[in-house]
2 protein chains.
Amino acid sequence: MARQKSEQVRQAILDAAHTLFTEKGYIATTISAIARSANTSQSNVYVYFASKIEIAFAVFDPWMRAKMIELESNVGATRGAEAKLEAMVTGLLNGIAADHSGQTLTLVQALATAKPTDNYSSTLLNWTMERLRVMIADAVPASTADEREALAQALMLAFDGVALRQNLRRGEIQGEPSTAAFHHLFQPMIDRATAKEPART
Amino acid sequence: MARQKSEQVRQAILDAAHTLFTEKGYIATTISAIARSANTSQSNVYVYFASKIEIAFAVFDPWMRAKMIELESNVGATRGAEAKLEAMVTGLLNGIAADHSGQTLTLVQALATAKPTDNYSSTLLNWTMERLRVMIADAVPASTADEREALAQALMLAFDGVALRQNLRRGEIQGEPSTAAFHHLFQPMIDRATAKEPART
DNA sequence: TCGGTAAACGAATGACATTCGCTATTGACA
DNA sequence: TGTCAATAGCGAATGTCATTCGTTTACCGA
């Protein structure tokens with residue numbers, strides 16, 4: 001047939017983008033800089049990716065999945081419903097959403113600047129929500145599906161909120177995100193569960 | 001001294017910006033379009049505002065304050081701790097954050113694209129948080145200052161999260177933001193309060 | 001070895017926010 | 001009432017991007 005796309009070039013572009021997004025954020029990173037850092041030309045980047053935003057998602061997706069899997073593993077290793085939930089909330093909001101590597105800043109900037117025509121699939125969002133539901137179910141098996149859904153949604157909203165605030169880094173106001181408040185979210189569920197069957201671990 | 005800035009021109013710029021931001025969002029609105037719509041020149045806009053983002057804040061600030069004052073009045077007119085809190089959460093998340101006039105989209109886009117050098121004062125954020133604290137205190141006088149602070153912070157995070165999601169208008173997933181979950185946040189506080197003194201209104 | 005496809009590239013293009021150099025107004029003061 | 005200096009207002013740059021175009025190779029199957 002013809003010449004084939006090189007997996008190496010693709011990876012070089014992703015690596016360069018990852019580094020630059022981390023250093024300067026999505027908006028301040030130029031295609032030109034990505035190309036230079038990946039040792040290729042600006043225009044060749046478009047052979048591998050349709051747009052700048054597509055690169056952002058290609059970088060963010062695996063990062064986010066890895067973080068979530070790590071979190072799930074931590075939560076799984078924690079004992080006790082309350083401790084599990086606390087680990088989940090803290091890990092999600094203080095760990096992932098507020099991470100200092102700049103990945104969530106990239107996500108927020110990409111989402112905020114996305115044109116309506118950039119349609120990005122909600123696959124990652126759905127996947128993340130499912131991980132949260134599973135974690136909640138693991139921590140409190142007695143919870144209802146509705147409860148898990150509502151809590152997962154609330155957490156995702158807070159996730160986005162924390163990520164957005166990252167960009168203001170005004171230092172003021174923002175110490176740790178108020179995960180404390182979110183622990184209250186789970187309290188009724190925990191109370192109800194432990195009332196039925198005493199804590200086992 | 002010299003020639004003075006005209007309040008009319010300033011207002012014309014703000015009005016034009018307000019309309020255009022509402023129609024197309026912050027990013028898709030150009031200074032050139034604002035100037036044209038305000039019947040002045042592109043460069044003259046910079047006599048009145050230092051940057052595009054400054055215009056965005058000048059438009060958003062009064063809009064947000066008006067919405068919050070309206071909300072506070074609604075909450076004040078509601079009777080009963082639980083009903084007050086529900087009115088507050090629903091009004092804030094479903095009403096203001098998810099509004100269809102595009103103002104919060106403007107805020108999110110402006111914040112996400114703000115350069116670190118654009119320093120925007122956190123006056124509005126502080127003011128909004130204070131309104132929330134006051135509303136919570138009004139609804140549940142027995143609450144502690146720490147509780148009110150944590151809940152206000154959680155609500156502001158959710159506010160930003162909802163505002164950010166607006167831009168994805170994927171229709172899917174997002175029906176109403178899951179305010180239901182947030183009502184749980186307040187339950188322990190309400191229970192504690194009503195245990196001490198029976199509901200009065 | 002040959003031919004065609006598509007990767008790769010350098011040079012446009014087209015949008016923008018923001019700045020520059022100049023002109024025209026105007027408000028305080030003589 | 002006239003003068004003049006500060007500055008509103010303007011049209012034309014500037015500079016920075018993402019994205020596209022026209023060519024030129026390099027590769028793969030035959």
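The values are calculated or read from the model by the stated rules, or taken from the named source; none is laboratory data. Treat the numbers as computed from the prediction; the structure is a model and nothing was measured. Here the Cβ positions follow ideal geometry from the backbone for every residue, glycine too, while neighbour counts run over all protein chains shown. Each accessible area value is taken on the protein alone, full model and side chains, heavy atoms only, with ligands, DNA and RNA left out. Shrake-Rupley method; radii C 1.70, N 1.55, O 1.52, S 1.80 Å.
Here are some notes:
- From the alpha carbon centroid of the stretch B:51-120 to that of the stretch A:1-44 is 38 Å.
- In degrees, nearest ten, helix B:123-139 long axis to first principal axis of chain B (Cα): 20
- Compared with the dominant principal axis of the Cα atoms in chain B, helix B:145-166 is inclined by about 50°.
- Per residue, the solvent-accessible area of the stretch A:54-196 (1.4 Å probe, heavy atoms of protein chains only, all protein chains present) comes to 39 Å².
- 20 Å Cα-Cα threshold exceeded, pairs from A:Lys24/A:Lys52; A:Lys5/A:Lys115; B:Lys5/B:Lys52; B:Lys52/B:Lys115: A:Lys5/A:Lys115
- Shielding of A:108-116 by partner chains, average beta-carbon count, 10 Å: 6
- Contact order relative to length of chain B, as percent, for alpha carbon pairs under 8 angstrom and 6 or more apart: 25
- Rounded to 10°, Cα long-axis angle of helix A:52-77 versus longest principal axis of chain A: 30
- Portion, in percent, of the accessible area of the protein assembly as shown that falls on carbon or sulfur, probe 1.4 Å: 52
- Over chain A, DSSP H runs of length four or greater, each weighted -39,500 (n - 2.57), average out per residue to a 222 nm ellipticity of -23000 deg cm²/dmol.
- At an R0 of 25 angstrom, the distance between the Cβ atoms of A:Ser73 and A:Trp127 translates into a FRET efficiency of 0.95.
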